[in-house]
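Some notes on the structure that comes next.
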Amino acid sequence: MPESHNADKDLVPEGLMPIRTVASLTGVNPVTLRAWERRYNLITPHRTPKGHRLYSGHNVEQIRQILELLEQGISISQVKPLLGGKRPEFKAGTPVVRDEVWHSYQQVMLRAIEAFDEFALDQAYNDALSLYPVEIVSQRLTTIMLRILGERWQDSETGIAQEHFFSVYLRNKLGARVHHTNRRTNAPLLLLACLPGEFHELGLLFFSLASADFGFRVLLLGANTPLDQLPGVLEKRHCAGVVLSCTTRPSRGVLDGDLAELVNSVDVPVYVGGSCASRYRGKIESAGAICLDKAIGKGLQLISDSLSSRS
């Protein structure tokens with residue numbers, strides 16, 4: 001069995017936590033935590049006699065500091081000298097000091113996409129996901145890759161095919177990872193769907209994977225979901241909350257009509273997130289829903305806090 005499950009069954013000394021608990025607290029999955037220790041010696045957990053990792057409160061604070069540094073653009077290979085010291089401050093408009101890790105990933109993945117080489121693409125993407133939280137990989141790699149492919153499709157006779165190849169790869173990859181991490185049976189279940197008329201589901205897939213890493217289970221419905229269908233789903237599956245994705249301008253009547261009706265017809269909180277959610281915060285909140293921060297991690301923390309307050 002995986003380390004996280006065995007360690008949870010061991011007698012854990014007071015003040016220490018197994019890797020699965022730390023993953024839920026920080027949003028960093030166990031694979032990445034082990035990679036940070038093994039490849040970069042960033043964290044030194046305690047070990048049980050059976051070799052399972054146990055983390056202290058100090059380790060958790062280290063992980064959170066690492067996340068702050070990564071969010072500022074510093075690569076994982078440059079983090080160690082900055083841990084425990086004064087955190088760097090960057091003036092607005094000045095480039096963040098970082099190595100060329102993201103540019104290197106982009107070039108490797110572009111070559112793989114141009115060759116329609118799924119194996120090489122998978123190797124590069126897996127390596128990035130093993131070292132960085134999915135939100136950072138989304139911000140600094142996959143979103144940029146999609147933009148690059150969208151901008152250059154006219155310059156190649158297979159440009160459109162390349163863009164489709166990468167999009168399908170991402171959907172399959174993220175869906176498989178969500179399925180794999182979605183097997184915990186005692187975690188709160190979130191119902192995730194795109195608003196009606198919303199066909200861009202990659203952002204929802206990234207959120208699904210981050211939710212699983214954070215400690216939730218997800219029931220994923222995907223693109224263009226009629227909101228009047230959701231109460232029936234909730235009757236069949238007990239969910240702690242509903243999360244809706246808004247990345248493009250919603251269709252007329254969705255936020256001030258359909259959304260309000262959904263909120264009034266269910267007894268769980270309804271959240272709306274995505275790149276366009278903050279633009280329509282007023283309408284979302286007027287409908288009785290909760291607007292999520294654009295940052296995935298902050299959004300998941302808000303969901304966790306609000307569900308805890310309800311319970």
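Structural remarks
- Taking segment 183-301 as the region of interest, the strands (runs of 3 or more DSSP E) fully inside it that hold 1 or more residues being polar (S, T, N, Q) are 241-245.
- Test set (1) at pLDDT below 90; (2) exposed (fewer than 15 other Cβ atoms within 10 Å of the Cβ) - G257 fails condition number: (1)
- Restricting segment 208-219 to residues that are buried (at least 21 other Cβ atoms within 10 Å of the Cβ) and in contact with a strand residue (DSSP E or B) (Cβ under 7 Å, 6 or more places away or on another chain), the residue that is farthest from Y169 (Cα to Cα): F216
- Residues that are in contact (Cβ under 8 Å) with a residue 40 or more places away in the chain and among the small types (G, A, S) within segment 122-155 comprise S130, S138, listed in sequence order.
- Selected residue (only one of S286, S275 is touching a Ser or Thr at 6+ places or on another chain (Cβ under 9 Å), more than 23 Å from H179 (Cβ to Cβ), surrounded by fewer than 20 Cβ atoms within 10 Å (Cβ to Cβ) and among the small types (G, A, S)): S275
- Some residue of segment 225-235 being free of Cβ contacts under 8 Å to residues at least 12 places away in the same chain, assigned by TED's automatic domain parsing to the domain that holds A277, of a type outside the set (S, T, N, Q) and over 30 Å from V31 (Cβ atoms): yes
So that you can scan it fast, the table gives a plain yes or no per residue for (1) within 15 Å of L209 (Cα to Cα); (2) more than 18 Å from the chain's Cα centre (by Cα):
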site	(1), (2)
N126	yes, no
V134	yes, no
S138	yes, no
M145	no, no
I148	no, yes
R152	no, yes
D155	no, yes
I160	no, yes
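- Taken over segment 18-54, the residue count meeting the criterion of being within 22 Å of S208 (Cβ to Cβ), aliphatic (A, V, I, L, M) and crowded, with 20+ Cβ neighbours inside 10 Å is 5.
- Consider segment 274-294 and keep the residues that are in contact with a Cys (Cβ under 7 Å, 6 or more places away or on another chain) and not hydroxyl-bearing (S, T, Y). The one that is modelled with the lowest pLDDT is C276.
- Just one residue in the set D213, D293 is free of Cβ contacts under 8 Å to residues at least 40 places away in the same chain and within 27 Å of I136 (Cα to Cα); that residue is D293.
- Single residue of L202, L195 found to be in contact with a helix residue (DSSP H, G or I) (Cβ under 7 Å, 6 or more places away or on another chain) and surrounded by 23 or more Cβ atoms within 10 Å (Cβ to Cβ): L195
- Check on E198, touching a Cys at 6+ places or on another chain (Cβ under 7 Å), not small (G, A, S) and not assigned by TED's automatic domain parsing to the domain that holds Q123: yes
- Residue in segment 290-301 that is out of contact with any strand residue (DSSP E or B) (no Cβ under 9 Å at 6 or more places or on another chain) and buried (at least 19 other Cβ atoms within 10 Å of the Cβ) present: yes
- Pair list, Cβ under 6 Å, 6 or more apart: segment 252-279 residue aromatic (F, W, Y), other residue in a loop (DSSP other than H, G, I, E, B): Y271/L292
- Every condition in (1) within 28 Å of I290 (Cβ to Cβ); (2) free of Cβ contacts under 8 Å to residues at least 40 places away in the same chain is met by C194 except one, and the failing one is (2).
The values are calculated or read from the model by the stated rules, or taken from the named source; none is laboratory data. What you see is a predicted model, and the numbers here were worked out from it, not measured in a lab. Cβ: placed from backbone, ideal geometry, glycine included. Neighbour counts: every protein chain shown.
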